[in-house]
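Scroll down for the structure; my scribbles are underneath it.
None of the figures in this text is laboratory data; all of them are computed from the coordinates on show. Remember, predicted model here, so these are calculated numbers, not experimental data. Neighbour counts run over all protein chains shown; Cβ positions are idealised from the backbone, glycine included.
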């Protein structure tokens with residue numbers, strides 16, 4: 001009887017040993033899979049995965065933002081993914097933001113183009129533990145981590161001061177903004193108006209939107225000049241606007257028209273050299289992209305951030321146009 005109990009006990013112990021070894025092996029495999037999904041490298045260093053949502057892929061401005069962000073990502077050992085609409089489309093940006101949240105990326109860099117639409121999604125990301133840095137356009141009422149970009153009201157004031165310098169404080173003004181829905185564009189317009197309103201001889205007679213489209217900028221400028229032939233100076237608040245105005249002025253043989261633009265596309269700089277565009281207010285998109293990534297790296301390291309980091313703008317004309325190539 002004792003021999004039977006001993007034999008049964010031996011079988012039971014053997015079975016338990018087999019099960020324990022199988023469980024340990026399975027647990028080891030599961031731990032390895034989890035570590036892989038969490039993005040750990042072989043040396044145990046974690047690589048964060050962040051997404052930068054651009055307003056328009058392959059646009060010269062956003063290509064510069066992308067270059068700055070990529071450089072910083074390589075420096076700080078961060079994996080960065082760039083996504084954006086093929087053509088300026090706010091709904092597509094919102095859709096991409098939803099996808100980034102659903103993918104549970106480690107952080108998101110995005111514009112806050114419209115407070116009503118973007119703020120709820122930014123807050124949704126933050127509530128799920130995904131820090132958000134706004135770039136180019138802020139969403140100050142959201143729970144975003146920080147804003148990186150131009151002080152757009154101040155940039156608009158710079159446009160206004162250029163108008164005063166070029167007109168002597170007297171003339172009719174036509175304005176084309178990039179979008180009627182983008183807060184950054186409206187802030188630039190407000191800054192421009194605040195300066196213009198201080199001079200009784202200056203008047204903004206028309207404001208239209210190009211929807212960040214070169215062809216639409218040409219069309220809107222042409223229609224504006226036909227309806228208001230008294231316009232002597234035109235101002236653009238986005239990168240495509242001044243070039244559209246220049247094309248419209250050439251078509252209508254308005255050689256007397258003064259044009260002030262925004263940003264430093266190579267075509268804009270070439271037009272300043274030739275005299276077709278008088279001046280531009282240039283942002284620093286490369287610096288914006290790099291700063292946004294660096295701030296996320298600092299956040300991952302537990303460092304405290306400020307609410308906003310403003311990148312300076314630079315006024316470019318024929319006297320210093322070459323400086324625009326390095327911004």
Can you tell me the 0 to 90 degree angle between the C-alpha axis of helix 214-227 and the longest principal axis of the chain, rounded to 10? 30 degrees
For the range 41-196, what is the Kirkwood hydrodynamic radius in Å, using each pair of distinct C-alpha atoms? 17.0 Å
In degrees from 0 to 90, rounded to the nearest 10, what is the angle of the helix 241-251 Cα long axis to the longest principal axis of the chain? 40 degrees
Normalised per residue, the volume of the convex hull around the Cα set of the chain (Å³): 152 Å³
State, to one decimal in nm, how far the label point of residue 115 lies from the label point of residue 203, with both points 7 Å from Cα in the Cβ direction. 3.2 nm
Please report, in Å, the Rg and the Dmax of the range 224-283, where both are computed over Cα atoms only. 10.7, 31
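Over the Cα atoms of the range 134-181, compute the convex hull volume and normalise it per residue, giving Å³. Could the numbers behind the result be given before it?
Details: hull volume 4.5 nm³, N = 48.
With only Cα atoms used, the range 134-181 gives 95 Å³ per residue.
Just rank 184, 222, fewest to most, by other beta-carbon atoms within 10 angstrom.
Details: 184 25, 222 18.
Going from least to most buried by this count: 222, 184.
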For the range 256-327 and the range 122-144, write down the distance between their C-alpha centroids in whole Å. 23 Å
Can you tell me the orientation of helix 90-102 relative to the chain, as the angle in degrees between its alpha-carbon axis and the longest Cα principal axis, to the nearest 10? 20 degrees
First measure r as the distance between the Cβ atoms of residue 298 and residue 180, then evaluate 1/(1 + (r/R0)^6) with R0 = 30 Å and state the FRET efficiency to the nearest 0.05. 0.25
Given the rule -39500 (n - 2.57) for each run of at least 4 DSSP H residues, summed and divided by the residues of the chain, what is its mean residue ellipticity at 222 nm, to the nearest 500 deg cm²/dmol? -16000 deg cm²/dmol
Averaged over all viewing directions, the convex hull of the alpha carbons in the range 152-282 casts a projected area in nm² of 6.6 nm²
Cβ neighbours within 10 Å, averaged per peptide: list 201-211, 272-282 in order, most packed at the top. 272-282, 201-211
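I need the peptides 229-238, 69-78 ranked by packing, meaning the mean over residues of other C-beta atoms within 10 angstrom, with the highest value on top.
Details: 229-238: 22.8, 69-78: 17.6.
Ranking, from highest mean packing down: 229-238, 69-78.
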Log entry: pair-distance distribution for the range 190-266, C-alpha pairs binned every 10 Å from zero, whole % per bin is 19, 53, 26, 2
